[in-house]
């Protein structure tokens, strides 16, 4: 497989709402494997297809990578069907490198999705896995974690990002 380019904010393709996948074929499987490889290469725990410029409802997560025991999960056409509790923790994003901020999210979610074989799955997730699922699912809806921050905090991060981009030109 191949390492894919991860789009960086403010790339407008990050704001695209992804389309459902009609058929799981070899192309979808290849995209999934390349996304997993890209996620590992970037030292992330999740990656949405929209982050690599492919507007389909697919993301990959592996929170076990932090423990060096790879256990990637591919989520196709995910739908969060239940969320409970609230907790606030720092989040970062491969599309907004170098920045983290506390984001409030559900502490527990139930997500339905298709696996790479087209089988319907249902997963109950808590803690970091629940947070990662919500974060990546937001990407499929064209949302970034900074959109969940207060307007002032979001603006501060955007200003810092703009300054960094100007320096690199």
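Taken together, the values in this text are just the output of simple stated rules run on the coordinates, not laboratory data. Computed from a predicted model, the values in this text were never measured in an experiment. In this analysis, Cβ positions are derived from the backbone assuming ideal geometry, glycine residues included, and neighbour counts consider all displayed protein chains.
Would you list 39, 165, 33, 4 from fewest to most Cβ contacts within 10 Å? Walk me through the numbers before you get to the answer.
On the way: 39 26, 165 12, 33 16, 4 20.
Listing 39, 165, 33, 4 from fewest to most nearby Cβ atoms yields 165, 33, 4, 39.
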**Study point:** Listed residues 50, 38, 100, most fluctuating in the chain (Gaussian network, C-alpha, under 10 Å)
**Key:** 100
Exercise for review: Determine the distance separating the Cα centre of region 86-164 from the Cα centre of region 1-23; give it in Å without decimals.
Suggested key: 15
Review point. Convex hull volume of the Cα atoms in region 12-168, per residue, in Å³?
Key: 116
Revision key, fill the gap. Counted neighbours (other Cβ, 10 Å), sorted fewest up, put 113, 59 in the order 113, 59
Point to revise | Dimensionless Rg over Rh [region 84-169; C-alpha; Kirkwood] | key: 1.07
Study note, to complete from the structure: Taking Cα atoms, the helix 26-41 axis meets the longest principal axis of the chain at an angle in degrees (rounded to 10) of 40
Point to revise | Label-reachable residues, region 42-56, where backbone N falls under 18 Å from a point 7 Å from residue 27's Cα toward its Cβ | key: 49-56
Exercise for review: Return the FRET efficiency for the residue pair residue 147, residue 126: r is the Cβ-Cβ distance, R0 is 22 Å, and the value is rounded to the nearest 0.05.
Suggested key: 0.40
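Can you give the calculated 222 nm mean residue ellipticity of the chain, where each DSSP H run of n ≥ 4 adds -39,500 (n - 2.57) and the sum is split over every residue, rounded to the nearest 500 deg cm²/dmol? Numbers along the way, then the final one.
On the way: 3 runs with 48 residues, N = 169.
Roughly -9500 deg cm²/dmol at 222 nm, from the helical runs in the chain.
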Check your understanding: If one takes the longest principal axis of the Cα atoms in the chain, at what angle in degrees, from 0 to 90 and to the nearest 10, does the Cα axis of helix 151-168 lie?
Key -> 80
Check your understanding: On a 0 to 90 degree scale, rounded to 10, what angle separates helix 127-140 from the longest Cα axis of the chain?
Key -> 80
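What's the exposure ranking of 153, 131, 148, 105, going from fewest to most Cβ atoms within 10 Å? Intermediate results must be reported in sequence, preceding the final value.
Numbers: 153 13, 131 24, 148 18, 105 21.
Fewest to most other Cβ atoms nearby, the residues stand as 153, 148, 105, 131.
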Practice item. Evaluate the relative contact order of the chain (contact order divided by residue number), counting alpha-carbon pairs under 8 angstrom at least 6 apart; express in whole percent. Key: 22
